[in-house]
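Here the structure is laid out as structure tokens; the discussion comes afterwards.
The values are calculated or read from the model by the stated rules, or taken from the named source; none is laboratory data. Quick caveat, the model's predicted, so the values are computed rather than measured. Note that we place each Cβ from the backbone using ideal geometry, even for glycine, and neighbour counts take in every protein chain shown. Surface areas here come from the heavy atoms of the whole protein model, side chains and all, with no ligands, DNA or RNA. Shrake-Rupley method; radii C 1.70, N 1.55, O 1.52, S 1.80 Å.
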Amino acid sequence: HVAGDEMLKSVSRAIRGAVRGMDIVARYGGEEFNVLLPHTTKEESWVIAERIRESVEALHPDSSAINELPTISVGIAEFPIDAKSIDELINNADRAMYTAKKLGKNRVVFYER
């Protein structure tokens, strides 16, 4: 558990280092994070999401208890185009994230209706 906690902290730092000062990074639960990108289009979000993905991919755990290098699957949804409420926005970004996982992980996917 200690190695896993350290990895989550490293991932959190990588995410925080890849976003802008106005962006909000929050752990959503377990190994999931939400990143809110105010005043950002879906296309602009792609650039930031790729920067996040590359930053996480570049992590190299110090612990021998970690067998795999970390990767991240990112789902992007834009308000109000993809959702009319915050709950719907989170759910749709989550759907896109699961699509990214199904497509092979370590990728960024837009929510599509």
Item checked: HN-Hα J in Hz across segment 14-28 - Karplus 6.51, -1.76, 1.60, θ = phi - 60°, x for Gly and Pro -> 5, 5, 4, x, 9, 10, 8, x, 7, 7, 10, 10, 9, 6, 8
Item checked: Where labels lie 7 Å past Cα in the beta-carbon direction, separation of TYR98 and GLU54 in nm -> 3.0 nm
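Which order do you get for PHE79, PHE110 if you rank them by accessible area with a 1.4 Å probe, largest at the top?
Working: PHE79 115, PHE110 60 Å².
So the residues, ranked largest to smallest area, are PHE79, PHE110.
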Note to self: Quick check on the chain: helices-only [θ] at 222 nm, where DSSP H runs of length 4 and up contribute -39,500 (n - 2.57) each and the sum goes over total residues. Nearest 500, please.
What the structure shows: -15000 deg cm²/dmol
Next item on the list: Between GLU112 and ASP62, take the C-beta separation as r, use R0 = 35 Å, and let me know the FRET efficiency to the nearest 0.05.
Entry: 0.35
Next item on the list: Would you mind giving the average projected area, over all directions, of the Cα convex hull of the chain in nm² with one decimal?
Entry: 7.0 nm²
Checklist line | Calculated P(r) of segment 1-67 - Cα pairs past 17 Å, % | finding: 43 percent
Check: Ignoring ligands, DNA and RNA, what percent of the accessible area of the chain is carbon or sulfur (1.4 Å)?
Finding: 53 percent
Margin query: Which residue fluctuates most in the GNM of the chain (Cα springs below 10 Å): ILE90, ILE81, ILE24?
Written below: ILE81
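Quick one: accessible area per residue over the chain, 1.4 Å probe, rounded to a whole number of Å²?
Numbers: 7310 Å² over 113 residues.
Value returned for the chain: 65 Å² of accessible area per residue.
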Check: Say a site is exposed when it is one of the GluC sites (Glu not before Pro), sits in a DSSP loop, and has at most 11 other Cβ atoms within 10 Å; what is then the longest site-free stretch of the chain?
Finding: 1-67
Notebook entry, point to check: Non-local amide H neighbours of PHE110 (under 5 Å, H modeled in plane, Pro and chain starts lacking H): which ones?
Noted result: ILE76
Notebook entry, point to check: Can you run phi through the Karplus equation (6.51, -1.76, 1.60; θ = phi - 60°) for segment 82-88 and list ³J(HN,Hα) in whole Hz, with x for Gly and Pro?
Noted result: 9, 6, 9, 9, 5, 4, 5
